[in-house]
Every structure is written in C-alpha cells, then in structure tokens.
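J.: The following block contains the structure, expressed as structure tokens.
The values are calculated or read from the model by the stated rules, or taken from the named source; none is laboratory data. Keep in mind that this is a model prediction, so the values were computed, not measured. FYI the Cβ positions are ideal-geometry reconstructions off the backbone, even for glycines, and counts take in every protein chain you see. Accessible surface is based on the protein model in full, side chains and every heavy atom, while ligands, DNA and RNA are left aside. Shrake-Rupley method; radii C 1.70, N 1.55, O 1.52, S 1.80 Å.
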Amino acid sequence: MAAKELKLSIETRAKVGTTGANALRRAGKIPAVLYGHGAVPEHIAVDAHAFAELLHHGGRNAIITLSGGAKKDETALVRSVEYHSVSRRVLHADFQRVSARETIAAKLPVVTVGVARGLREAGGVMDVVTHELEIEGPAGSIPEHLEVDVTELGLHEHVVAGDVTLPSGFKMLTPADTIVVSIEPSRTERELEEAAAGPAEAAEPEVIGETPAPEPES
C-alpha cells in the first residue's frame, strides 16, 4: 500500500552557505534544496521537528505537498537526507519536484514476512543480505517498503530480487539475481555437520624422483 500524502511548510532561504545554514540549524530549522522539472534549484528551509515527524510517518517515499515557497503547493519527494555522524541530527535535505503520475526510481527497505521453514524445522538463521531494493514506477503509488515472504524457505535456500512481488505498474531495477534473503545453518549446526563429516584421510606423501629399492634375490 502506498504511503499517504503528507504536507510540509517551507520558506525561501535568504542566505546560503555555511554561515546561513548554521544559523538556520540554531533556529530549529533545516537547510534544504528543491529541484526538478527544469526549474532553477530553490534554496529553502523546513522546520526540523516537522520534518522529523514527516519522516517518522512514512515521508521518506511518499509524495509531499510543499507550501510557502516560491510557487504555491508544489508536490515533491525527499531525495536525500544528510545526518550528523554522531548525533544523527538532520543537517540537510534535498527535495525533487514530482507529479503523482510521473515515473521515478526509488530505493525501498526490505521487510520480511513469516518464519522460514529452515528456522522452524532445522534451527537455521536468516540473513537479510540486501536491505534495500530499487524499483521504478508512478510517484503517487510508491509503497513504504517491499515485503518478502520467507515462510517456505528451507535451509540453504534464498530469495533473489527477481522473486520479489511488486505492486502493479512497477518494475525492479535491482539486478534480478541479487540475493535478498538467505537461510543458513546456525554456527552450532555447521559445527555438527563438519564433525559428522569427519577429518579427511591423510594420503601417503609421494616422493618425487625416488625409485623403489630392488627386492633382495633369493
């Protein structure tokens, strides 16, 4: 199911550069850029708390209605978010103008559904190898995430990107053979398997260039 449409107030930035950006952050705002549809990129600012709430409620992949900028009520997607490496506070954001019917590419998180057979019956462990998949489709119908049903996966089995079910009108951009989820033996199970196999028998070393001694004559 696609994320609901959200709204966010923006304001045009009068000052750009490091000094202006730091001043905005001290005032509880986030410097951002709005671009796309052939227009000149617009330097904007958004309220930090409002933006955090928007991301929390599915705004990472939902169409957002922006109001208060140079134009009235533009629709856009959050294209990138820069975080502070320590505090994880949002430092900057990029928005791309889109229309609901416009075809765009988006990277969506993978969410597994069910308990794999290999876990239930064989005590295996599940490894999510690829956490995001890139798809392409209408901007107004982008889902919040992609579900991968792992219920029937047995030990040593996996799901690839080409196996993932997509909403109608979307296609997978991630290579089809990319492993998404795999079920492998736990460390204990692997050790038991190796122990059951036993050590390989050591072969007698062959001495190169040595001829066998002749048997004594009777």
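J.: Would you confirm whether any residue within the range 117-131 is more than 13 Å from residue 61 (Cβ to Cβ), at pLDDT below 95, among the charged types (D, E, K, R) and surrounded by fewer than 17 Cβ atoms within 10 Å (Cβ to Cβ)?
T.: The answer is yes; a qualifying residue exists.
J.: Out of curiosity, is residue 54 in a helix (DSSP H, G or I) and open to solvent by less than 30 Å² (accessible area, probe 1.4 Å)?
T.: yes
J.: Look through 33, 40, 16 and report the one residue that is surrounded by fewer than 18 Cβ atoms within 10 Å (Cβ to Cβ) and within 24 Å of the chain's Cα centre (by Cα).
T.: Of 33, 40, 16, the one residue that is surrounded by fewer than 18 Cβ atoms within 10 Å (Cβ to Cβ) and within 24 Å of the chain's Cα centre (by Cα) is 33.
J.: Could you please let me know if residue 135 is touching a Lys or Arg at 6+ places or on another chain (Cβ under 9 Å) and of a type outside the set (D, E, K, R)?
T.: Yes; evaluated as a whole, the condition is true for this residue.
J.: Return the residues of the range 62-88 that are basic (Lys, Arg) and either over 19 Å from the mean Cα position of the chain (by Cα) or open to solvent by less than 30 Å² (accessible area, probe 1.4 Å) (or both); say none if nothing qualifies.
T.: Correct list: 71, 72.
J.: Among 34, 6, which is the only one that is on the phi < 0 side of the Ramachandran plot, modelled with pLDDT under 90 and touching a Gly at 6+ places or on another chain (Cβ under 7 Å)?
T.: Of 34, 6, the one residue that is on the phi < 0 side of the Ramachandran plot, modelled with pLDDT under 90 and touching a Gly at 6+ places or on another chain (Cβ under 7 Å) is 6.
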